[in-house]
Amino acid sequence: MAGSVIVVDPGPDGSRQVDADRLKDAQREFEAQAQRFEEARARLHATIDRSMKGRSQAEILHDSAFARLLARLETMPVVEQAKGILMAQNRCGPDEAFDLLRRASQRANVKVSVLAAQMVEQMASPEPSGNDHRARAARRRVTRAAETGLPEHPGERDLRL
């Protein structure tokens with residue numbers, strides 16, 4: 001069909017002729033562009049798949065707001081228990097107790113939930129016997145460290161039980 005003529009839009013002289021080869025070239029270019037688009041789309045999907053496969057499920061969930069809410073829900077009970085401990089020890093309200101816990105956490109560079117767990121664990125451990133002065137002193141140091149955010153012993157970075 002090379003060199004054939006196709007009538008497209010009637011013009012003032014009665015007909016306007018377009019070269020069929022130019023039309024075929026335009027159609028081929030359009031098809032080539034569509035093919036390049038599909039290839040780019042396939043590469044994008046492959047890249048997304050590779051990036052998801054290269055990451056662990058925990059890493060993927062870490063980025064989602066849902067995962068952060070779940071983590072908060074998991075740590076909330078221990079934080080609430082630590083607040084209760086501080087409320088009883090300092091005779092303060094829940095907001096002030098959380099503020100104490102938060103400030104201690106920041107000073108010690110320890111997550112609030114980690115500090116809270118340490119406090120609860122310390123308070124839940126069996127009470128030392130009446131003649132075990134070292135154990136009672138250690139309990140007081142941990143409680144003081146939790147309240148102030150300072151390490152139990154100089155040179156320690158985090159709170160140890």
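The values are calculated or read from the model by the stated rules, or taken from the named source; none is laboratory data. As the structure is a computational prediction, the values presented were derived from the model and not from experiment. Reconstructed Cβ throughout: ideal geometry from the backbone, glycine too, with neighbour counts over all protein chains shown.
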Within the range 71-90, the residues that are over 19 Å from Gln122 (Cβ atoms) and surrounded by 13 or more Cβ atoms within 10 Å (Cβ to Cβ) are Ala71
Screening Arg36, Arg41, Arg68, Arg55 for residues that are among the basic types (Lys, Arg), under 29 Å from the mean Cα position of the chain (by Cα), modelled with pLDDT of 85 or more and surrounded by 10 or more Cβ atoms within 10 Å (Cβ to Cβ) leaves only Arg41
Does the range 143-150 contain any residue that is at pLDDT 70 or above and more than 27 Å from the chain's Cα centre (by Cα)?
-> no
All conditions in (1) modelled with pLDDT of 90 or more; (2) surrounded by 12 or more Cβ atoms within 10 Å (Cβ to Cβ) are true of Gly93 except (2)
Over the range 63-111, the set of residues part of a loop (DSSP other than H, G, I, E, B) and not small (Gly, Ala, Ser) is Asp63, Arg91, Cys92, Asn109, Val110, Lys111
